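The block underneath contains the structure these notes are about, expressed in structure tokens.
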Amino acid sequence: MGDGPPSIWEWIGRNWDTGRVDSIKSLLTDHLTMSFVPILLALLVALPLGLACVRWRWLYQPTSGLMNVVYALPSLPVFMLLISVTGLSQATVIIPLTFYGMAVLIPAVVDGLNSVPDHVRQSAVAMGFTPLRRLLLVELPIAAPVVLAGLRVVAVSSISLVSVGALIGQGGLGGLFTRAYQNPFLPPVIVGIVLIVALALIADGLLVLAQRLLTPWVRARKGAAA
Amino acid sequence: MNWLLSFFGWLGEFFGDADNWTGSGGIPARLLEHLQFSALALVLAMLIAVPLGLLIGHTGRGEVIVVVSANLARALPTLGLLVMFVLLLGASSIWPVIIPLVLLSVPPILVNTFEGIRGVDPELRDAAYGMGLRGGQVLGRVLVPVALPLILLGCRLSAIQVVATTTVAAYTGLGGLGRYVIDGYATKDYASVVGGSVLIVLFALVVQVLFALLQRVTVSPGVSRRLKVR
């Protein structure tokens, strides 16, 4: 490196795929795993729990209270406390992120299901829908926009929160931040921030698209009103 | 249950060590630092976000700022922002660390203040105008009290964010409880890591409880009764 520090593009080119674990490409893969697994798990757990909270009302108060507490826990100390149980693995980051996701999604599922108008539910019953079919074909689709709005929040914040894991060596692209801080050098930070924000925007965009595809009547109604 | 034993062993070691209770690296001093940095960032964020949210919510102009800032704040990685500011501005004072803390805590307050004001029943607003109140009076006497639960919710969410980010900021040299965690991890002093982590978690929970109390005290009972939480 005879002629000064490399430019940001040179740096990217040199570090994109070195075959080592700290290449940008492999950090990116780790980042995707560690953010998408919790998003998916949170949704898979929040759906039945949310349903249970709507079905048995007394469950909701304690569940939402617990989730408020979970949401307030700062990520770094939680990672640190988990290390003694899970070791220095991706699970140390994935487990807390799943709980943060649930803290947002359970209320979203409950609000979504509560937003189903009573006359719609009764019509479904009158038309002979069994409870399961009513749930799958009537109630969940009506709840979808609220659930997806929650999912967008979870997706974007999970993707950015993964990077804190870099402080325990499991942060995906966050590894670029610690590396940049240790031998002061700006390009890795910029690359890390840009990639993480880009991932978040892509995930958000995909969920907006999913929302349009899953709830076509929302746009149809808007179009009719205009 | 081996980890549980070592967990309590570390806790005992950390809290039982008399050296951890005195001096500039002691628990009281670190606790105070954490409180000061978090409070400083939160107050600065409130000074920016509350007036801006009131203005945008009341005039209905600049909604884009609210939406964009909310999305951006969630997407921006805190650690990256902290490292970037410290690399750009140097670590000679606390400001390179405080600035990102403030930046990240503005949006939750801004969004909720804006939503709070905009969500006020239009009939209520019209009634206030009908009674002869002017724009500023309507805002101060009707809109703000009605929007207060959401404004406070925004502050609470920001406080959560600030306490967590202040912890992460220890990595870039800021004092506070995060020091125990970061330094302990670097030197494999797990008593310090575990003790510090427990302190931060307790700190965050106390802040939560304080905000819940604040909400109960300040929100007018007429408003809180028909408040739909989140």
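For the list (1) closer than 15 Å to A:W11 by Cβ; (2) surrounded by fewer than 24 Cβ atoms within 10 Å (Cβ to Cβ); (3) in contact with a Leu (Cβ under 7 Å, 6 or more places away or on another chain), I need the number of the one condition that A:L176 fails.
Among (1) closer than 15 Å to A:W11 by Cβ; (2) surrounded by fewer than 24 Cβ atoms within 10 Å (Cβ to Cβ); (3) in contact with a Leu (Cβ under 7 Å, 6 or more places away or on another chain), the lone unmet condition for A:L176 is (2).
Could you pull out the residue among B:L124, B:L148 that is of a type in the set (A, V, I, L, M, F, W, C), under 30 Å from A:V70 (Cβ atoms) and surrounded by fewer than 21 Cβ atoms within 10 Å (Cβ to Cβ)?
Among B:L124, B:L148, only B:L148 is of a type in the set (A, V, I, L, M, F, W, C), under 30 Å from A:V70 (Cβ atoms) and surrounded by fewer than 21 Cβ atoms within 10 Å (Cβ to Cβ).
List every residue pair whose Cβ atoms lie under 9 Å apart, where the two residues are 6 or more positions apart in sequence or sit on different chains, the first residue falls within the stretch B:54-69 and is in a helix (DSSP H, G or I), and the second residue, located anywhere, is open to solvent by 50 Å² or more (accessible area, probe 1.4 Å) and basic (K, R).
Going by the 9 Å Cβ cut-off, the qualifying pairs are B:L55/B:R61; B:I56/B:R118; B:G57/B:R118; B:H58/B:R118; B:E63/B:R118.
If A:Y100 meets every condition in (1) within 14 Å of chain B (Cβ to nearest Cβ); (2) touching a Ser or Thr at 6+ places or on another chain (Cβ under 6 Å) apart from one, which number is that one?
For A:Y100, the failing item is (2).
Could you say which residue among B:V138, B:V83, B:V97, B:V106 is over 30 Å from A:A180 (Cα atoms) and crowded, with 19+ Cβ neighbours inside 10 Å? Reasoning before the result, please.
Working: B:V83 fails: over 30 Å from A:A180 (Cα atoms); B:V97 fails: over 30 Å from A:A180 (Cα atoms); B:V106 fails: over 30 Å from A:A180 (Cα atoms).
The unique qualifying residue is B:V138.
Between a residue in the stretch A:146-161 that is in contact (Cβ under 8 Å) with a residue 24 or more places away in the chain and any residue that is among the aliphatic types (A, V, I, L, M) and outside any helix (DSSP H, G or I), which pairs come within a Cβ distance under 9 Å, given they are 6 or more apart or on different chains?
A:S160/B:L76
When the stretch B:76-131 is examined, which residues are found to be part of a helix (DSSP H, G or I) and among the hydroxyl-bearing types (S, T, Y)?
Filtering the stretch B:76-131 down to residues part of a helix (DSSP H, G or I) leaves B:78-89, B:95-118, B:122-130.
Matches in the stretch B:76-131: B:T78, B:S105, B:T113, B:Y129.
Can you tell which of A:S23, A:S75, A:S84 is within 22 Å of the chain's Cα centre (by Cα) and among the hydroxyl-bearing types (S, T, Y)? Give the derivation first.
On the way: A:S23 fails: within 22 Å of the chain's Cα centre (by Cα); A:S84 fails: within 22 Å of the chain's Cα centre (by Cα).
Step by step, each of A:S23, A:S75, A:S84 is checked, and only A:S75 is within 22 Å of the chain's Cα centre (by Cα) and among the hydroxyl-bearing types (S, T, Y).
Could you tell me whether any residue of the stretch B:37-45 is within 17 Å of the chain's Cα centre (by Cα), among the β-branched types (V, I, T) and away from chain A (no Cβ under 14 Å)? Let's see the steps before the verdict.
Initial filter on the stretch B:37-45 (within 17 Å of the chain's Cα centre (by Cα)): B:37-45.
Okay, now just the ones that are also among the β-branched types (V, I, T), so B:43.
Now restrict to residues that are away from chain A (no Cβ under 14 Å): B:43.
Yes, because at least one residue in the stretch B:37-45 is within 17 Å of the chain's Cα centre (by Cα), among the β-branched types (V, I, T) and away from chain A (no Cβ under 14 Å).
Among the residues of the stretch B:10-28, which ones are free of Cβ contacts under 8 Å to residues at least 40 places away in the same chain and either in contact with a Lys or Arg (Cβ under 8 Å, 6 or more places away or on another chain) or in a helix (DSSP H, G or I) (or both)?
If we filter the stretch B:10-28 for residues that are free of Cβ contacts under 8 Å to residues at least 40 places away in the same chain, which is where we start, we get B:12, B:16, B:18-19, B:21-24, B:26, B:28.
Within the stretch B:10-28, B:G12, B:G16, B:A18, B:D19, B:W21, B:P28 meet the criteria.
For residues in the stretch A:46-58 being open to solvent by 50 Å² or more (accessible area, probe 1.4 Å) and without any contact (Cβ under 8 Å) to a residue 60 or more places away in the chain, which is nearest to A:T92 (Cα to Cα)? So that I can check it myself, show each step before the final result.
Filtering the stretch A:46-58 for residues open to solvent by 50 Å² or more (accessible area, probe 1.4 Å) gives A:47-49, A:51, A:55-58.
From the residues that got through so far, the ones that are without any contact (Cβ under 8 Å) to a residue 60 or more places away in the chain too are A:48, A:55-58.
Working: A:P48: 24, A:R55: 33, A:W56: 32, A:R57: 33, A:W58: 32 Å.
Looking at the filtered set, the residue picked out is A:P48.
For the condition under 26 Å from A:N114 (Cβ atoms), at the interface with chain B (Cβ under 10 Å from one of its Cβ atoms), touching a Lys or Arg at 6+ places or on another chain (Cβ under 9 Å) and in a helix (DSSP H, G or I), what is the one hit in A:V156, A:V138, A:V218?
Criteria check complete, one pass: A:V156.
Considering only the stretch A:168-205, state which residues are under 18 Å from A:L32 (Cβ atoms) and outside any helix (DSSP H, G or I). Let's see the steps before the verdict.
Taking the stretch A:168-205 as the starting set, the residues that turn out to be under 18 Å from A:L32 (Cβ atoms) are A:169-177, A:191-205.
Passing the criteria: A:G169, A:Q170, A:G171, A:G172, A:L173.
The values are calculated or read from the model by the stated rules, or taken from the named source; none is laboratory data. None of the values given here were measured: they were computed from a predicted structure. Here Cβ is always computed from backbone atoms with ideal geometry, including for glycine, and neighbour counts include all displayed protein chains. Heads up: the accessible areas ignore ligands, DNA and RNA and are worked out on the full protein's heavy atoms, side chains in. Shrake-Rupley method; radii C 1.70, N 1.55, O 1.52, S 1.80 Å.
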